[in-house]
1. If you scan the range 67-113, which residues turn out to be more than 8 Å from the ligand (Cβ to nearest atom) and part of a strand (DSSP E or B)?
2. Of all residues being within 29 Å of H231 (Cα to Cα) and not in a helix (DSSP H, G or I) in the range 43-54, which is most open to solvent (accessible area, probe 1.4 Å)? Just the residue, please.
3. Determine whether I17 is within 12 Å of the ligand (Cβ to nearest atom) and aliphatic (A, V, I, L, M).
4. Restricted to the range 134-148, and to residues that are out of contact with any strand residue (DSSP E or B) (no Cβ under 7 Å at 6 or more places or on another chain) and open to solvent by less than 70 Å² (accessible area, probe 1.4 Å), which residue is nearest to E163 (Cα to Cα)?
5. Might you let me know whether the range 155-172 holds any residue that is on the phi > 0 side of the Ramachandran plot and either more than 10 Å from the ligand (Cβ to nearest atom) or part of a loop (DSSP other than H, G, I, E, B) (or both)?
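The values are calculated or read from the model by the stated rules, or taken from the named source; none is laboratory data. On a predicted model such as this, the values are computed, not experimentally measured, just so you know. Cβ atoms come from the backbone with ideal geometry, glycine included; neighbour counts cover every protein chain shown. Only protein heavy atoms, including side chains, enter the accessible area calculation; ligands, DNA and RNA are left aside. Shrake-Rupley method; radii C 1.70, N 1.55, O 1.52, S 1.80 Å.
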Amino acid sequence: MAREKPHLGTVQETLLIPLYARAVENRKEQALLRDTRAEEIVASIDYDFARFDAPSLTGALLRTRLFDRWVTEFLSVHPGGTVVEIGTGLNTRYERVDNGRARWFDLDLPDVIELRERFFTDSRRRTMIAASVTDDGWAADVASHSSGPYLFVAEAVLPYLHEPDVRQVFDLLGERFPGSLLALDTAGPGFFDTQDQHDALSKVAARMRWYCPDPAHPAGWRPGTEVVSSHTLTSLPDALIAELPPPPTSR
Ligand SMILES: C[S@@+](CC[C@H](N)C(=O)[O-])C[C@H]1O[C@@H](n2cnc3c(N)ncnc32)[C@H](O)[C@@H]1O
(Lines give C-alpha, C1' and ligand atoms only; values in the text may rest on other atoms or scores of the structure.)
Protein backbone atom coordinates (compact mmCIF):
# COMPACT_ATOMS: atom_id res chain seq x y z
CA MET A 1 0.00 0.00 0.00
CA ALA A 2 1.31 3.49 -0.90
CA ARG A 3 2.44 5.52 2.08
CA GLU A 4 0.65 8.85 2.53
CA LYS A 5 2.21 12.20 3.35
CA PRO A 6 0.67 13.78 6.47
CA HIS A 7 -0.79 17.26 5.98
CA LEU A 8 -0.42 18.77 9.41
CA GLY A 9 -0.15 22.29 10.78
CA THR A 10 2.98 23.45 12.59
CA VAL A 11 2.19 22.46 16.18
CA GLN A 12 0.29 19.39 15.00
CA GLU A 13 3.49 18.00 13.42
CA THR A 14 4.98 17.54 16.90
CA LEU A 15 2.73 14.51 17.41
CA LEU A 16 5.06 12.58 15.10
CA ILE A 17 7.89 12.74 17.68
CA PRO A 18 6.28 10.69 20.49
CA LEU A 19 4.65 8.45 17.88
CA TYR A 20 8.07 7.66 16.43
CA ALA A 21 9.56 7.16 19.91
CA ARG A 22 6.96 4.46 20.66
CA ALA A 23 7.37 2.83 17.25
CA VAL A 24 11.16 2.56 17.56
CA GLU A 25 10.92 1.28 21.11
CA ASN A 26 8.50 -1.44 20.10
CA ARG A 27 11.20 -3.03 17.94
CA LYS A 28 13.50 -3.50 20.93
CA GLU A 29 13.77 -6.78 22.76
CA GLN A 30 13.57 -5.07 26.14
CA ALA A 31 11.31 -2.09 25.64
CA LEU A 32 10.19 0.73 27.93
CA LEU A 33 6.74 0.15 26.45
CA ARG A 34 5.06 -1.92 23.74
CA ASP A 35 3.19 -0.19 20.90
CA THR A 36 2.67 -2.33 17.83
CA ARG A 37 0.09 0.11 16.51
CA ALA A 38 2.61 2.99 16.55
CA GLU A 39 5.03 0.86 14.54
CA GLU A 40 2.31 0.11 11.95
CA ILE A 41 1.30 3.77 11.71
CA VAL A 42 4.88 4.99 11.25
CA ALA A 43 5.36 2.41 8.50
CA SER A 44 2.31 3.75 6.65
CA ILE A 45 3.18 7.47 6.82
CA ASP A 46 5.52 9.06 4.27
CA TYR A 47 7.69 11.25 6.51
CA ASP A 48 11.36 11.55 7.40
CA PHE A 49 11.00 10.16 10.91
CA ALA A 50 14.69 9.24 11.20
CA ARG A 51 15.61 12.88 11.87
CA PHE A 52 14.04 12.43 15.31
CA ASP A 53 16.51 9.67 16.23
CA ALA A 54 18.03 11.16 19.36
CA PRO A 55 18.46 10.52 23.10
CA SER A 56 15.42 12.60 24.07
CA LEU A 57 13.09 9.92 22.65
CA THR A 58 13.77 8.00 25.86
CA GLY A 59 12.49 10.98 27.85
CA ALA A 60 9.29 11.00 25.78
CA LEU A 61 8.78 7.28 26.52
CA LEU A 62 9.32 7.70 30.26
CA ARG A 63 6.84 10.57 30.24
CA THR A 64 4.30 8.37 28.45
CA ARG A 65 4.85 5.59 30.99
CA LEU A 66 4.14 8.08 33.79
CA PHE A 67 0.94 9.28 32.10
CA ASP A 68 -0.12 5.66 31.49
CA ARG A 69 0.38 5.01 35.18
CA TRP A 70 -1.71 8.04 36.19
CA VAL A 71 -4.54 6.86 33.95
CA THR A 72 -4.30 3.28 35.27
CA GLU A 73 -4.41 4.54 38.86
CA PHE A 74 -7.45 6.72 38.07
CA LEU A 75 -9.27 3.79 36.45
CA SER A 76 -8.44 1.48 39.35
CA VAL A 77 -10.33 3.88 41.64
CA HIS A 78 -13.01 4.84 39.06
CA PRO A 79 -13.38 1.91 36.63
CA GLY A 80 -16.38 3.53 34.93
CA GLY A 81 -14.80 6.99 34.84
CA THR A 82 -14.13 9.17 31.81
CA VAL A 83 -10.71 9.85 30.32
CA VAL A 84 -10.33 12.82 27.96
CA GLU A 85 -7.07 12.92 25.98
CA ILE A 86 -6.46 16.57 25.15
CA GLY A 87 -4.12 16.94 22.15
CA THR A 88 -4.21 13.20 21.64
CA GLY A 89 -2.18 13.18 18.40
CA LEU A 90 -1.76 9.54 17.35
CA ASN A 91 -1.55 8.43 20.95
CA THR A 92 -2.44 4.82 21.76
CA ARG A 93 -3.08 5.07 25.47
CA TYR A 94 -6.50 3.43 25.12
CA GLU A 95 -4.80 0.43 23.48
CA ARG A 96 -2.36 0.22 26.41
CA VAL A 97 -4.44 0.87 29.51
CA ASP A 98 -8.19 0.71 28.76
CA ASN A 99 -10.04 -1.41 31.34
CA GLY A 100 -13.05 -2.40 29.21
CA ARG A 101 -15.44 -0.10 31.08
CA ALA A 102 -14.20 3.49 30.96
CA ARG A 103 -15.48 6.19 28.58
CA TRP A 104 -12.75 7.75 26.41
CA PHE A 105 -12.56 10.91 24.33
CA ASP A 106 -9.65 11.79 22.02
CA LEU A 107 -9.56 15.49 21.27
CA ASP A 108 -7.25 17.31 18.87
CA LEU A 109 -7.25 19.92 16.12
CA PRO A 110 -9.28 19.04 12.97
CA ASP A 111 -6.32 18.06 10.72
CA VAL A 112 -5.01 15.71 13.42
CA ILE A 113 -8.40 14.07 13.87
CA GLU A 114 -8.65 13.65 10.09
CA LEU A 115 -5.32 11.79 10.15
CA ARG A 116 -6.28 9.89 13.29
CA GLU A 117 -9.48 8.64 11.65
CA ARG A 118 -7.32 6.73 9.16
CA PHE A 119 -5.99 4.55 11.98
CA PHE A 120 -8.65 4.56 14.72
CA THR A 121 -12.42 4.27 14.79
CA ASP A 122 -14.99 5.48 17.26
CA SER A 123 -16.85 2.89 19.32
CA ARG A 124 -19.54 2.89 21.98
CA ARG A 125 -17.00 3.90 24.64
CA ARG A 126 -14.51 5.84 22.53
CA THR A 127 -15.10 9.10 20.64
CA MET A 128 -12.84 11.44 18.67
CA ILE A 129 -13.49 15.19 18.86
CA ALA A 130 -12.08 17.68 16.34
CA ALA A 131 -11.63 20.97 18.23
CA SER A 132 -9.12 23.23 19.86
CA VAL A 133 -8.94 22.67 23.59
CA THR A 134 -9.43 26.42 23.97
CA ASP A 135 -12.89 26.35 22.29
CA ASP A 136 -15.35 25.45 25.00
CA GLY A 137 -17.86 23.78 22.64
CA TRP A 138 -16.10 20.43 23.11
CA ALA A 139 -16.82 20.51 26.84
CA ALA A 140 -20.58 20.40 26.20
CA ASP A 141 -20.05 17.47 23.86
CA VAL A 142 -18.09 15.54 26.47
CA ALA A 143 -20.48 16.41 29.31
CA SER A 144 -23.56 15.34 27.34
CA HIS A 145 -22.09 11.95 26.40
CA SER A 146 -20.46 10.93 29.67
CA SER A 147 -20.57 11.19 33.40
CA GLY A 148 -17.72 11.72 35.82
CA PRO A 149 -15.42 11.30 37.49
CA TYR A 150 -13.18 12.82 34.84
CA LEU A 151 -9.47 12.61 34.18
CA PHE A 152 -8.20 15.06 31.57
CA VAL A 153 -4.86 14.07 30.10
CA ALA A 154 -2.69 16.61 28.30
CA GLU A 155 0.65 14.98 27.51
CA ALA A 156 3.13 17.28 25.75
CA VAL A 157 0.36 19.71 24.81
CA LEU A 158 0.03 22.71 27.14
CA PRO A 159 3.64 23.97 26.72
CA TYR A 160 2.72 24.63 23.05
CA LEU A 161 -0.01 27.09 24.08
CA HIS A 162 0.49 30.69 25.18
CA GLU A 163 0.00 31.17 28.93
CA PRO A 164 -3.38 32.97 28.62
CA ASP A 165 -4.65 29.94 26.67
CA VAL A 166 -3.32 27.53 29.29
CA ARG A 167 -5.12 29.57 31.94
CA GLN A 168 -8.27 29.44 29.81
CA VAL A 169 -8.02 25.63 29.75
CA PHE A 170 -7.70 25.56 33.55
CA ASP A 171 -10.75 27.84 33.85
CA LEU A 172 -12.77 25.82 31.36
CA LEU A 173 -12.06 22.54 33.18
CA GLY A 174 -12.65 24.11 36.58
CA GLU A 175 -15.98 25.61 35.55
CA ARG A 176 -17.35 22.79 33.41
CA PHE A 177 -15.91 19.80 35.31
CA PRO A 178 -15.43 20.82 38.95
CA GLY A 179 -13.51 18.28 41.02
CA SER A 180 -11.92 16.67 37.96
CA LEU A 181 -8.26 15.68 37.63
CA LEU A 182 -5.85 17.05 35.04
CA ALA A 183 -2.64 15.23 34.17
CA LEU A 184 -0.21 17.58 32.45
CA ASP A 185 3.46 18.18 31.90
CA THR A 186 5.23 21.50 32.07
CA ALA A 187 8.49 22.76 30.58
CA GLY A 188 10.94 24.38 32.97
CA PRO A 189 12.80 27.57 31.98
CA GLY A 190 16.05 25.72 31.14
CA PHE A 191 14.30 23.37 28.73
CA PHE A 192 12.27 26.24 27.29
CA ASP A 193 15.29 28.49 26.67
CA THR A 194 17.26 25.75 24.89
CA GLN A 195 14.44 24.37 22.72
CA ASP A 196 16.08 25.61 19.50
CA GLN A 197 18.92 23.19 20.25
CA HIS A 198 16.67 20.32 21.37
CA ASP A 199 17.65 17.13 19.56
CA ALA A 200 14.10 16.36 18.30
CA LEU A 201 12.02 19.55 18.64
CA SER A 202 14.61 21.57 16.69
CA LYS A 203 13.81 19.38 13.65
CA VAL A 204 10.28 20.82 13.37
CA ALA A 205 9.04 24.40 13.16
CA ALA A 206 6.81 24.35 16.26
CA ARG A 207 8.11 25.90 19.47
CA MET A 208 6.88 25.82 23.04
CA ARG A 209 5.13 29.02 24.13
CA TRP A 210 4.62 28.46 27.85
CA TYR A 211 7.10 27.54 30.52
CA CYS A 212 6.53 27.06 34.17
CA PRO A 213 9.22 27.16 36.87
CA ASP A 214 7.12 25.25 39.42
CA PRO A 215 3.98 23.04 39.04
CA ALA A 216 2.55 24.79 42.11
CA HIS A 217 2.39 27.99 40.05
CA PRO A 218 -0.57 27.06 37.74
CA ALA A 219 -2.33 25.47 40.72
CA GLY A 220 -2.44 28.98 42.18
CA TRP A 221 -4.45 30.30 39.24
CA ARG A 222 -7.76 28.99 40.58
CA PRO A 223 -8.76 28.77 44.24
CA GLY A 224 -9.33 25.15 45.26
CA THR A 225 -6.89 23.72 42.69
CA GLU A 226 -4.25 21.47 44.22
CA VAL A 227 -1.25 19.49 43.02
CA VAL A 228 -1.99 15.84 43.81
CA SER A 229 1.29 14.46 42.54
CA SER A 230 4.36 15.82 40.74
CA HIS A 231 7.36 14.10 39.20
CA THR A 232 10.29 14.82 36.94
CA LEU A 233 11.97 12.29 34.67
CA THR A 234 14.66 11.92 37.34
CA SER A 235 12.16 11.47 40.19
CA LEU A 236 9.70 8.96 38.74
CA PRO A 237 7.59 6.90 41.17
CA ASP A 238 9.57 3.95 42.62
CA ALA A 239 6.87 1.51 41.50
CA LEU A 240 7.24 2.71 37.92
CA ILE A 241 11.05 2.49 38.00
CA ALA A 242 10.71 -1.08 39.30
CA GLU A 243 8.69 -2.03 36.18
CA LEU A 244 11.25 -0.67 33.70
CA PRO A 245 13.78 -2.90 31.93
CA PRO A 246 17.44 -2.45 32.96
CA PRO A 247 19.25 0.41 31.21
CA PRO A 248 20.93 -0.57 27.87
CA THR A 249 24.50 -0.55 29.28
CA SER A 250 23.70 -3.43 31.66
CA ARG A 251 21.53 -5.39 29.22
C1 LIG B 1 3.77 16.76 21.05
S2 LIG B 1 2.17 16.35 20.42
C3 LIG B 1 1.62 15.20 21.69
C4 LIG B 1 0.60 14.24 21.17
C5 LIG B 1 0.13 13.19 22.19
N6 LIG B 1 -0.39 13.82 23.39
C7 LIG B 1 1.24 12.23 22.53
O8 LIG B 1 1.78 12.32 23.64
O9 LIG B 1 1.56 11.38 21.69
C10 LIG B 1 1.19 17.81 20.76
C11 LIG B 1 -0.25 17.67 20.37
O12 LIG B 1 -1.00 18.77 20.90
C13 LIG B 1 -1.98 19.10 19.93
N14 LIG B 1 -2.44 20.47 20.16
C15 LIG B 1 -1.70 21.60 20.12
N16 LIG B 1 -2.49 22.68 20.33
C17 LIG B 1 -3.75 22.21 20.49
C18 LIG B 1 -5.01 22.82 20.73
N19 LIG B 1 -5.14 24.15 20.83
N20 LIG B 1 -6.10 22.04 20.87
C21 LIG B 1 -5.99 20.68 20.77
N22 LIG B 1 -4.82 20.04 20.54
C23 LIG B 1 -3.72 20.79 20.40
C24 LIG B 1 -1.23 18.95 18.62
O25 LIG B 1 -2.10 18.94 17.50
C26 LIG B 1 -0.49 17.64 18.86
O27 LIG B 1 -1.26 16.53 18.51
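1. Within the range 67-113, T82, V83, V84, R103, W104, F105, D106 meet the criteria.
2. D53
3. Details: within 12 Å of the ligand (Cβ to nearest atom): yes; aliphatic (A, V, I, L, M): yes.
So I17 passes the test.
4. Restricting to residues being out of contact with any strand residue (DSSP E or B) (no Cβ under 7 Å at 6 or more places or on another chain) and open to solvent by less than 70 Å² (accessible area, probe 1.4 Å), the top hit is T134.
5. Of the residues in the range 155-172, the ones on the phi > 0 side of the Ramachandran plot are 156.
Next, from what is left, pick out any that are either more than 10 Å from the ligand (Cβ to nearest atom) or part of a loop (DSSP other than H, G, I, E, B) (or both): 156.
Among the residues of the range 155-172, at least one is on the phi > 0 side of the Ramachandran plot and either more than 10 Å from the ligand (Cβ to nearest atom) or part of a loop (DSSP other than H, G, I, E, B) (or both), which makes the answer yes.
Residue-wise test of (1) in contact with a helix residue (DSSP H, G or I) (Cβ under 9 Å, 6 or more places away or on another chain); (2) under 18 Å from S144 (Cβ atoms); (3) in contact (Cβ under 8 Å) with a residue 12 or more places away in the chain.
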residue: N91; (1), (2), (3): yes, no, yes
residue: E95; (1), (2), (3): yes, no, yes
residue: P110; (1), (2), (3): no, no, yes
residue: D122; (1), (2), (3): no, yes, no
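Conditions (1) open to solvent by 50 Å² or more (accessible area, probe 1.4 Å); (2) closer than 20 Å to I241 by Cβ; (3) modelled with pLDDT of 95 or more, marked per residue:
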{"position": "L15", "(1), (2), (3)": "no, no, yes"}
{"position": "V24", "(1), (2), (3)": "no, no, yes"}
{"position": "I41", "(1), (2), (3)": "no, no, yes"}
{"position": "S56", "(1), (2), (3)": "no, yes, no"}
{"position": "D68", "(1), (2), (3)": "no, yes, yes"}
{"position": "T72", "(1), (2), (3)": "yes, yes, yes"}
{"position": "L75", "(1), (2), (3)": "no, no, yes"}
{"position": "H78", "(1), (2), (3)": "yes, no, yes"}
{"position": "V83", "(1), (2), (3)": "no, no, yes"}
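Okay, residues lined up against (1) over 25 Å from T64 (Cβ atoms); (2) of a type in the set (S, T, N, Q):
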| site | (1), (2) |
| --- | --- |
| I129 | no, no |
| S132 | no, yes |
| D141 | yes, no |
| S147 | yes, yes |
| F152 | no, no |
| A156 | no, no |
| V166 | no, no |
